[in-house]
Amino acid sequence: MKILITGINGSHARMVALRLLAQGHEILGIDRRPWPDAPPNIHVFQTDVRKRPAADVFRLHRPDVVIHMATITHYSARAEERLRINLHGTRLVLDHCHEYGVKQVVFVGRHTIYGAAPDAPLYRTEDEPPLAVTTFPELADLVAADLYAGSALWRWPELKTAVLRLVYILGPARRGTLANFLEGKRAPMILGFDPLYHFMHDEDAVEAIIRTVDHQLTGVFNVAGPPPVPLSVLTRGTGRQAIPIPEPLFRYTVGRFGLPFLPPGAAMHIKHPIVVDNTAFRNATGFEYQYDAHEIMRGFRDG
Amino acid sequence: MWPRFEQVTSRDVLERLERLDLPFNQFGMDPYGVSKHHLGIFMTMLEVFYKHYFRVRSFGLEHIPKTGPGMLVSNHSGGIPADGGMIIASLFFSLDPPRAVHGMVEKFAQEWPFISQWFNRVGQLPGLPEHAIRLLRDGRLLMVFPEGARGLGKLYKDRYHLSHFGTGFMRIALQTGTPVIPLAFIGGEEAMPTVFHAERLARLVGAPYWPVPPYLLPFPLPLGCEIHYGKPMHFEGTGDEPDDIVEGYVEQVKSVINLLVARGRAIHQQRRAGADLDDKSDKSDRSDKSVKSEPATKS
């Protein structure tokens with residue numbers, strides 16, 4: 001099959017590309033960033049998914065499958081840029097999929113869109129509303145992108161659309177939202193709160209995306225690894241020092257004292273858990289995680 | 001440094017934790033965030049209250065299923081949810097093997113630092129239908145107080161008078177096919193007699209009420225308490241029945257709890273009359289005695 005991966009230069013997207021290449025698929029990629037040492041048989045088009053050359057890739061190469069991984073978080077871009085890439089980019093990619101006869105599209109999204117709130121259920125199923133739109137306004141563009149991708153399910157039933165909501169990815173690749181949070185020696189906590197954190201290993205996340213392609217999944221699916229662990233266990237397991245901060249002082253300490261910079265909305269996500277129920281995905285694909293929480297944390301620490 | 005877990009956890013608790021029906025992983029955590037470590041400290045604290053402060057005696061423990069789901073439905077009293085703590089302790093210290101029970105905590109407590117963290121680590125999750133259904137489908141025991149905060153905050157003059165029961169618990173029991181185990185908690189009303197509600201103080205901390213006993217400090221007195229478990233009640237249905245049918249089922253549960261309360265209060269009077277003698281004699285073999293005691297109800 002001819003598979004196009006958007007945002008192919010992300011470290012997890014590269015892993016997906018290499019795995020699919022090894023399976024004998026033809027791999028195309030779109031990314032603004034160059035991938036100088038890409039294998040010769042992966043064809044990377046250095047362009048923006050929202051630009052004309054990206055549409056040309058769809059028109060001229062006619063991929064069978066598209067894996068959309070060109071989304072970004074508050075760690076790498078400002079609000080307007082995020083909205084352009086996450087929402088408008090997703091919209092254009094889906095439009096191209098429809099227009100140029102793509103058979104299957106996989107949107108790789110995040111579980112954080114469910115949002116952390118004191119009165120939310122611990123385990124979120126796929127039909128839970130995305131509270132992040134109010135609890136963490138900096139994620140609004142990702143919420144919109146996720147819901148927009150999901151709308152392809154009824155707008156274009158002939159296009160097999162899978163919307164994945166992956167828990168935090170952590171491991172030796174050291175990339176992703178949680179890896180950014182744990183980048184420094186110190187990690188903030190809100191005094192008196194120790195929420196459960198749900199994360200999975202790089203390899204498991206890649207495996208889940210590949211299984212989605214293999215099983216031609218249609219629908220919205222939560223994807224998770226081992227059972228969640230408290231933030232205090234996570235910081236200890238990754239060799240970080242947890243700094244408990246009284247909530248009213250939180251906004252004044254982020255980005256200072258060796259703590260990571262976080263938008264104000266992040267306080268909710270350090271205070272309350274976001275944990276997902278991945279039963280539907282496991283039933284549909286037979287996916288089982290290979291790396292437990294201990295291995296993931298050690299992999300990140302030593303990676 | 002902090003004292004080691006084994007040093008702050010009693011030997012009885014450590015031994016019982018090993019036999020508890022929870023799937024702890026290598027971090028001593030279960031999938032709902034219950035921590036063996038926190039549970040040990042929590043139970044050690046409850047042990048003092050269960051065995052020595054309230055000197056709780058449990059009757060009808062044979063009605064608790066050894067495995068699988070069950071919904072414990074209780075009257076609520078005492079200003080602070082000490083009754084919930086004692087029911088948890090009862091199933092941990094007087095049942096063999098012990099069983100963990102999940103309570104449904106008022107949602108306002110989730111915003112309180114430390115307290116919410118502890119509630120979550122010992123399996124007391126916010127009171128959401130999603131939690132109840134998931135826990136029961138997972139074969140856990142659930143503890144519900146259908147009176148809610150109305151029951152907890154009731155005044156001493158209304159003691160043991162059951163206030164309005166919601167129907168939510170019954171719909172969940174029907175939907176999940178869970179047996180309902182009615183129970184009566186006796187002694188809580190006398191231990192913490194609420195004579196007055198401090199409304200401003202309650203609003204300040206975001207609680208639905210702030211109980212004030214005659215001695216002002218909202219803390220229960222060391223008076224003896226009993227728990228009477230009734231026979232499991234099975235109801236057939238889907239949970240989508242019209243209100244009048246579900247309310248009929250709720251009334252059945254309520255009337256059994258009323259019976260248990262009436263019977264329990266009679267026993268309580270006897271115990272108080274001969275309190276000292278009685279307590280000394282059964283301290284050593286409390287758990288044996290409570291299991292052997294006659295069933296609490298006949299229906």
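For this structure, a couple of remarks:
- Residue in region B:126-133 that is buried (at least 19 other Cβ atoms within 10 Å of the Cβ), modelled with pLDDT of 95 or more and within 14 Å of chain A (Cβ to nearest Cβ) present: yes
- In this structure, B:Ser77 does not satisfy being among the polar types (S, T, N, Q), at pLDDT 95 or above, more than 24 Å from B:Asp138 (Cα to Cα) and in contact with a strand residue (DSSP E or B) (Cβ under 9 Å, 6 or more places away or on another chain).
- Close pairs from region B:6-29: first more than 14 Å from chain A (Cβ to nearest Cβ), partner among the hydrophobic types (A, V, I, L, M, F, W, C) and part of a strand (DSSP E or B), Cβ under 9 Å, at least 6 apart: B:Asp21/B:Leu141
- In region A:54-85, the qualifying residues are those that are in a loop (DSSP other than H, G, I, E, B) and of a type in the set (A, V, I, L, M, F, W, C), and the one that is surrounded by the fewest Cβ atoms within 10 Å (Cβ to Cβ) is A:Ala77.
- Enumeration of residues in region A:283-301 that are away from every other protein chain (no Cβ under 14 Å), in contact with a strand residue (DSSP E or B) (Cβ under 9 Å, 6 or more places away or on another chain) and not polar (S, T, N, Q): A:Ala284, A:Phe287, A:Gly299, A:Phe300
- Against the criterion of being crowded, with 23+ Cβ neighbours inside 10 Å, outside any helix (DSSP H, G or I) and in contact (Cβ under 8 Å) with a residue 24 or more places away in the chain, A:Gly109 qualifies.
- Close contacts from region B:223-234, counting a first residue that is closer than 21 Å to B:Val250 by Cβ and in a strand (DSSP E or B) and a second that is at pLDDT 95 or above and acidic (Asp, Glu), with Cβ to Cβ under 9 Å and a gap of 6+ residues or different chains, come to B:Tyr229/B:Glu62.
- With respect to the stated conditions, B:Ala173 fails to be more than 19 Å from B:Ala100 (Cα to Cα), away from every other protein chain (no Cβ under 13 Å), touching a residue at least 12 places away in the same chain (Cβ under 8 Å) and among the hydrophobic types (A, V, I, L, M, F, W, C).
- Top-ranked residue in region A:97-128 [being touching a strand residue (DSSP E or B) at 6+ places or on another chain (Cβ under 8 Å) and charged (D, E, K, R); ranked as nearest to the other protein chains (Cβ to nearest Cβ)]: A:Asp119
- Residue ID - surrounded by the fewest Cβ atoms within 10 Å (Cβ to Cβ), chosen from residues in region A:156-205 that are of a type in the set (D, E, K, R) and part of a strand (DSSP E or B): A:Arg186
- Residue in region B:89-111 that is at pLDDT 95 or above and farther than 17 Å from B:Ile181 by Cβ present: yes
- Residue, surrounded by the most Cβ atoms within 10 Å (Cβ to Cβ), within region A:219-275, restricted to residues that are part of a strand (DSSP E or B), within 14 Å of chain B (Cβ to nearest Cβ) and among the aliphatic types (A, V, I, L, M): A:Ile274
- Residue check for B:Pro214: part of a loop (DSSP other than H, G, I, E, B) and out of contact with any Ser or Thr (no Cβ under 7 Å at 6 or more places or on another chain): yes
- With respect to (1) basic (Lys, Arg); (2) within 14 Å of chain A (Cβ to nearest Cβ); (3) out of contact with any helix residue (DSSP H, G or I) (no Cβ under 8 Å at 6 or more places or on another chain), the lone exception for B:Arg150 is condition (2).
The values are calculated or read from the model by the stated rules, or taken from the named source; none is laboratory data. Because the structure is predicted, anything quoted here is derived from the model rather than measured. Glycine gets a Cβ as well: all are built from the backbone with ideal geometry, and neighbour counts include every protein chain shown.
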